[in-house]
Amino acid sequence: MTIALSLVGVVATLAGVWFTNLFGLKESIYVSQIVKMRVAPERLTNPKTPQDYGMVYSDVEIMTADDVRLSAWEILAAEPSDKTLIVNHPLTTTRYGSIEGLDGVAVEFLPMIKHLHEAGYNIVMYDHRGQGDSDGGTGKTLIGSEAPVGAGETEWQDVAASLRYVKAHPTFGDDEIGFLSQCMGASATFLAWQNAPELFSDPKITSLVAIQPPVSYNMIDRFIQAKTGMDLVDQVLDAQREKYGFGYLISTEVTNIVRTICIKTPVATAR
């Protein structure tokens, strides 16, 4: 009985500390967990392949300039083609998509890829670092070389690597090249264009379609408010910068990058 009463007392004390946010404990725990979710999201699988949709494909690997191995699918067009698309994906998905999806909304990209395949495009699509079958991640999500997920801030190197891969490809090297970049992948593509202008100045790059590029600060703020009811977006930003050396792409950065791309590279369009 004494032990039981003692345990009840401990639980009650901890509950009081939590619900009163004594010493800012609750805020600190939330901030730590949110940073962890951002740089090391749950590892998702690729439960289907292009073959499930009747597309012949190859498993290939792409190495980034900072030595992260990216797992990719290479899909040849049904008929010989001189057009190649590089396709990437949002945060918390893989190149396949996600069975559960964010807030329970499932997503699968392969039906879209099937349409592009039938329209005569060669396709290279890959898992970003720290996600799917690619190397990267931290802690329990780590595969191969450690590389925190950056929601675009680090993944720009993946975009650059995918372009180098296509440009050096024995079949695709002389093709017209387009980017189909999604959400986090769109932000990563914008940043790659800014950080490696010589690489992206190639006149063979004829298009960029950016699907739902996020304004990270605002999106994270809404997410935190919805999940916790607390205003922690700046604390998360500061904690992530302190521990990992990068924050998140903010609206002015994205706007300036897109403006630069559209001015210097008229063939690129951001939608």
Taking the inverse of the average 1/r across all pairs of different Cα atoms in the range 119-209, what Kirkwood radius in Å do you get?
13.8
In whole percent, how big is the carbon plus sulfur part of the accessible area of the range 50-196, probe 1.4 Å, protein atoms only?
51
Report the calculated FRET efficiency for residue 79 and residue 211 (r = Cβ-Cβ distance, R0 = 35 Å), to the nearest 0.05.
0.85
With the contact rule set at Cα under 8 Å and sequence spacing of 6 or more, what percent relative contact order holds for the range 36-167?
32
Go ahead and run the numbers for FRET between residue 46 and residue 118, Cβ-Cβ distance against an R0 of 22 Å, rounding to 0.05.
0.55
Quick query: amide H of residue 205 versus all other amide H atoms, modeled in the peptide plane; which residues come in under 5 Å with a sequence gap of 5 or more or a different chain?
177
Residues of the range 39-59 with backbone N under 14 Å of the label point set 7 Å from the Cα of residue 99 along Cα→Cβ are 43-49
Points 7 angstrom from Cα along the Cβ direction at residue 231 and residue 218: gap in nanometres?
1.8
Please identify which residues in the range 29-53 have an amide N closer than 17 Å to a label point set 7 Å out from the Cα of residue 140, following the Cα→Cβ vector.
30, 32-45
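Quick one: which of 214-224, 130-140 comes out on top by average Cβ neighbours within 10 Å, and what's the full order, highest first?
130-140, 214-224
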So which of 36/114; 114/227; 48/140 end up more than 26 Å apart, counting from Cα to Cα?
36/114; 114/227
Output ³J(HN,Hα) for the range 187-200: one whole-Hz value per residue in order, computed from phi by the Karplus curve 6.51 cos²θ - 1.76 cosθ + 1.60 with θ = phi - 60°, and x for Gly and Pro.
4, 4, 5, 4, 5, 4, 4, 6, 7, 10, x, 5, 5, 8
Rounded to whole Å, sorted largest first: equivalent-ellipsoid semi-axes of the range 14-127, Cα gyration tensor
40, 16, 10
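The values are calculated or read from the model by the stated rules, or taken from the named source; none is laboratory data. These numbers come from a predicted model, not from an experiment. When we count neighbours, we look across all protein chains shown, and the Cβ atoms used for this are built from the backbone with ideal geometry, even at glycine. Side chains are part of the model used for accessible areas, which takes the heavy atoms of the whole protein and leaves out ligands, DNA and RNA. Shrake-Rupley method; radii C 1.70, N 1.55, O 1.52, S 1.80 Å.
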